[in-house]
Each structure stands twice: as structure tokens, then as C-alpha cells.
Amino acid sequence: MTRLENGSVKPRLILDPTSEREPAIRQRLPRPAQLRGLKVGLLDISKARGDVFLDRVDERLQEAGATVLRFSKPTFTKPAPLDLRQEIASKCDAVIEALAD
Amino acid sequence: MRASRRIVYSGDMSPPTRPPLPRGLVAFVKRDCPTCVLVAPVLRRLAEAGDLTVYTQDDPSFPEEGMALDDTSLEISWHHDIEAVPTLLRVDDSGEEEQRVLGWHREEWEQLSGVEKLGRGAAGEDELPDQRPGCGSLSVDPVLAPDLAVRFGASALAARRIELSVLEDEIEALFDRGFTDGLPVVPPTERRVLAMLEGTTRDPSEVVATVAPDLVECTVEKVAINAVMAGCRPEYLPVVLAAVEAVCTDEFNIHGVLATTMPVGPVVVVNGPIRRTLGMNAAINALGQGNRPNLTIGRAVQLVVRNVGGGRPGEVDRATFGNPGKLSFCFPEDEENSPWQPLSADFGAEPGVDCVTVFAGEGPRNIVDQLSREPESLARSFAVNLRTLHHPKALLGFDCMLVVSPEHSRVFAEAGWSKRQLTDRLHELLMIDGDEVVRGAGGIAEGFPEGMSGKRLPKFRPEGLRIVRCGGGAGLFSAMIGGWASGPMGSQPVMREIRP
């Protein structure tokens, strides 16, 4: 990153190495086709009443045939620790992260 | 490698910002150049005599106040390929350059300008020497040139720009976008790609090949971008371009090579003087790690297939195992010490011409024979090993590249065996009894239908065994690189000449 004389930041550009058939911005993963049989992680970031919201999401997902796994961050003030992220990635097909307040 | 210092734009590629030159005489100078200072009186005379435009690169008041146009941005100098100062040009009415002289040279300046007695006093006495070389143009100063190339030349690059966000680490950003083969890549900035394109005389917009599986037309520029990412130096680019061309032929069939469940990828063999020019390694560990051109050329080819062609593992690439050589598998033949003609010559190239040959191969497998000193014994050793390629019962389906080491090739050289002789003998030794390869033979279900019983069949098709010579000086070993489905139904090795 280069800071210009007027204080603005010069953008860092790279050249697209691909066939440019996909948009340049990073794409979201495709949505799961259905909930039935899906393993869904619910990540409570440990803010007040996040659990209330997630309990209800849990009920709805189970009604739709998904398997729900619950996780929580030790504290909302920091990013989820690596081992928690790895655990979620290895056990779940999808994850819902809940904010609250 | 090339005469011009920057990309030659052709046709539509001419950047619209290229400034035209005024008609008449045009001179480029800088005050810092003693020859320019020397010719200042000559420039005054030419200005009096007619149309003269002077561009000054460092001091707008040179040769004198109000006489010169300011090219301290070096835009005019850069766009018009000024390599030295003073340079005198004659430009026709349509703005085309007709002639140029570098440095001071009385006769040439007089001829170009049509003005006589330049640099002579009223009595005809010499005020200037007949000639004096100039200095380097600031527009080719090694410190300034890369930035000038980006400032004035990047608009000629057609690839989409991807802006990285402030918080992104650039190496991580390339991983996140799926552009890498699993190892870090060099970020392909405009500056690096422009420098890479210096390695070829080919136009950035020239289409090199149509790359499967997505069947996308791939330009020199796209190959250059991926070559930057692979870690190539600009002088490697012609090899990468030739290998991409070879891989993207119907004969090589990269689509099939990707889509197969077998563990093959492009194996790139380089022949010709360029091996030494680039410093490629044909000796100790020739098929292994540690040499930049060996590793990065092969990697660049695979990155083109991945990024431009869309050939990614788990998508069209369905390999059960793959092999580490699918990151990069490129090596040169040791032609200088080989008793045999180079591999490229087996495909019709003149020895001494730079060529690549691509072969769809798996990883190399070692053949150990430390006792054979007679060619017949060593050929038999090779044959029993080659017999096992993919499966001892597999016949005719797969080609093989046999890499013979210096110590093994010496056994054949001392006995006067040519490459043809060795190949023919291996084919003879590899005629297999059908009874050994039918289903159930040896208690193994795999095999040919019962009808093969009583027949004799070759292990390889006639052109299915290719011999290359390289490797370290010590080690009574050779290596075999198994191929994929051979012939027109699968993949055939393809040779291409390397063009600058």
C-alpha cells in the first residue's frame, strides 16, 4: 500500500490471471439446496440474549430436518479462536453466526 | 533477448494516450549530457533554418530559455522509444518518423536535416568534432524505466484489474480468490507483468492457444500474468508460451489429461541452447527441486491451465491421486554429454533449435541396475521394469518416457548403441505372451479377454517409448515416467519450437 502526498491511499492492483468469466469480486459460496440432512452450526458469539435468538433458530432448523450443532465463542470481543473455527469447518455444512443486544 | 525495450503495440493495441510528434525535425536532449551541451549551437542553427522541435528531459531552460518543450515527465521520450540523447528525428507530415540519428554525427545530421556545414564556423573551420556518442536517455534509465512502463504502458494491458482491499495481505488475497496451485504465488502487478512481457517480442494481445476445459482464447498477456505468479523471469516466457501452445493442441489433449482419474500432468522437456542460457538444470536432481527455470516454467504452464482454462482439481481435474509433478514437471535434456540425438530431434526438430516437448506423464519411478556393464544386460533390466508400467498386464495402452542417466547411457555409448537400437531392442524384449496377460492369469482378475491367449503383443505402440538423457553424474539408475492413454484416443507427445 502506498500513501500518496495528499494522504489518500493508492489502490493495490493486480491483473486478473483468469478467463474473466467470473465477477472480479469474491463470490459467496452457493446456498445449500435444502435443509434436510444438512449439518448446521450455530455460533453464539457470547453477547447477551444471543442464545435466545439461536434457540429459536435451532427449533426451526430441526423442524426442517437439519442437524444442529451448537458452538460459542469465549468472548465477543475477539475473533473466534482457530481451533473453534476448524472444529466448525470440519463438523458442519453451514454455519449461522448470531449477533445480539 | 529482444532489441526493443518495451512492448510493440500494433493495430488496436496502440494506447490512445500516445502523443504524436510534430512534423519536421525533432531533437531529444538533456543538459546532463556533455554531447547535448556540445550540439546546442547546432540546434540553434537548425531552429533558424526551419522546423525544429526540441524536447528536453531534465532542464526546460536547456539548450536555452524558451527554445525547448518540457519532457521532464519523459512521456514523449518513452512513447517514441528514445534510447540516447541527443537523438535527432525527421517526422513527416502525417506524424510518422522517417529517420533517426543517435548521438552527434555531422554527416548524418546534415543528411537528415538537409542543412550543410553543421558545427562549422563561418570560415568553414571545425567547431565540433565529426562525431561524438551521446548519453542514455532518461526514459531508459534502469531506475526510472519500470515506473514509466506502468505510467505510460499499462493502459495497453487488457486484463481486468483486481483491487485488493486495504486490509488484505496480497499473498493471502491470491489464495482467497482461488488463483494458486496451493503454494504462494507472486502477485501479478502491472509493473511485474510489463517486465515479464519484455521477455518476448510477441504482441500482448496475440492469442497463444485455446485452453481447455473452458476453451478460452489465451493471450500472450494472460500467459505473462501466470508466469509472473509462477515466479518466472522474463527470459523464461518464450519457453512457457511454447509449452502452453503444445499442451493446448488436439494431439496433447489437455482436457483429457485433466479429466482422467489417472495421475498424469504435462511433463515439459526443454531442448536447445536456451537450456543453458536460462541456467536450467539437467544434472544432479534434474527432475527434482532447486532450480528456478525448471520449476517455474512447469508451474506457469499448470497455472495457465488452472486459471485461464479453468482446469481445477475436483472440477474437471478428476485425478484419483494426482502426483506432485502436477505442480510443476519441467526439465532440460543434457544434450552436451548425451551419446544420442536430443528428444526434439526425434520429433523432427533440427538439433540446436530451442524446443519444448510435452508428454502426459505421472511421477518418475527409479530403475536400479548397478551391475550391468553390457548393453544387452542393461536393456533387459530396463525391459523387466518397463513391463510393470501401470500393470504388468497392461499392454499397448500407455506410452512411457524413459530417462537414462549418464552412468547408464555410458554403457550404451561405449558399445556404440544408438537410441534407435536401444528402442528397437526394448520393443523386442517387451513382446509379451498373451497367456500372461489374460484375465485370471497369475491368479489376477485384471487382464485382457481370453482371446489374447496364444498371441504375442507389444508392451508399447511403436512410437510409445521415448528416451531422454539427463541426471547427475553418479548413480547407475534410470527413471521411467508412465503416460496416460496413448495415441489419438488419449494424449500424444507434442514438440513445439520456442520462438522469441
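Just so you know, all these numbers are worked out from the coordinates, no wet-lab data involved. Note that the coordinates shown come from a computational prediction; the quantities given were computed from them, not determined experimentally. Cβ sites come from the backbone with ideal geometry, for glycine too, and all protein chains shown count toward neighbours.
Remarks
- Between B:Glu48 and B:Asp250, the modelled labels are 7.3 nm apart [label points 7 Å from Cα along Cα→Cβ].
- The DSSP beta bridges internal to segment A:2-98 are antiparallel in roughly 15% of cases.
- For A:Glu97, the amide hydrogen comes within under 5 Å of the amide hydrogens of A:Leu43, counting only partners 5 or more places away or on other chains and with H modelled in the peptide plane.
- Take every pair of alpha-carbon atoms less than 8 Å apart whose residues are at least six positions apart; their mean separation over the length of segment B:341-500 yields a relative contact order of 42 percent.
- Relative contact order of chain A, taken over Cα pairs closer than 8 Å and 6 or more residues apart, is 33 percent.
- Cα-based convex hull volume of the protein assembly as shown per residue, rounded to whole Å³: 231
- Amide H contacts of B:Arg439 (H built 1.01 Å from N, under 5 Å, at least 5 apart or other chain): B:Phe448, B:Glu450
- Applying a 4.7 Å Cβ-Cβ cutoff to the protein assembly as shown leaves A:Cys92, B:Cys218, B:Cys232, B:Cys248, B:Cys330, B:Cys355, B:Cys400, B:Cys470 as cysteine residues with no disulfide-compatible partner.
- Pairs exceeding a 29 Å alpha-carbon distance, out of A:Lys39/B:Lys222; B:Lys222/B:Lys459; A:Lys10/B:Lys222; B:Lys30/B:Lys222: A:Lys39/B:Lys222; B:Lys222/B:Lys459; B:Lys30/B:Lys222.
- Amide H contacts of B:Val85 (H built 1.01 Å from N, under 5 Å, at least 5 apart or other chain): B:Cys135, B:Gly136, B:Ser137
- Remark: spin-label model distance A:Ala64-B:Glu463 equals 5.8 nm, labels positioned 7 Å along the Cα→Cβ axis.
- Acute angle (nearest 10 degrees) that the helix A:82-91 long axis makes with the longest principal axis of chain A, alpha-carbon atoms: 60
- Efficiency of FRET between B:Asp92 and B:Arg120 - r from beta-carbon atoms, R0 45 angstrom, step 0.05: 0.95
- Beta bridges per DSSP with both ends in the protein assembly as shown, % antiparallel, nearest 5: 65
- Cα-based helix-to-principal-axis angle, A:50-63 vs chain A, degrees rounded to 10: 70
- Each label point was placed 7 Å from the Cα along the Cα-to-Cβ direction; for A:Ala24 and B:Asp81 their separation is 3.1 nm.
- Across chain B, Cα pairs under 8 Å and at least six residues apart give a relative contact order of 14 percent.
- Long hydrophobic helices in chain B: the complete DSSP H runs spanning 20 Å or more by Cα along their own axis with mean Kyte-Doolittle hydropathy of at least -1.0 are B:34-49, B:292-307.
- All Cα-Cα distances of chain B, cut into 10 Å bins from zero to the largest, leave 4, 17, 21, 18, 14, 11, 8, 5, 2, 1, 0 percent in each bin in turn.
- Where chymotrypsin sites (Phe, Trp or Tyr not before Pro) fall in DSSP loop in segment B:324-393, at most 10 other Cβ within 10 Å: none
- If you plug the beta carbon distance of A:Ala48 and B:Phe321 into 1/(1 + (r/R0)^6) with R0 = 35 Å, you get a FRET efficiency near 0.10.
- Sparsely packed trypsin sites (Lys or Arg not before Pro) within segment B:123-179, loop by DSSP, other Cβ within 10 Å at most 16: B:Arg160
- Stretched out straight at 0.36 nm per residue, the stretch from B:Arg132 to B:Asp176 would grow longer than its current Cα-Cα span by 10.2 nm.
- DSSP beta bridges in chain B [antiparallel fraction, %, rounded to 5]: 70
- When restricted to Cα atoms, segment B:182-305 yields an Rg and a Dmax of 14.1, 39 Å, respectively.
- For segment B:275-342, the list of GluC sites (Glu not before Pro) that fall in a loop by DSSP and count at most 11 other C-beta atoms within 10 angstrom reads B:Glu336.
- Per residue, the convex hull spanned by the Cα atoms of segment A:2-98 measures out at 183 cubic angstrom.
- Take the Cβ atoms of A:Val57 and A:Ala33, set R0 to 22 Å, and the FRET efficiency comes out at 0.70.
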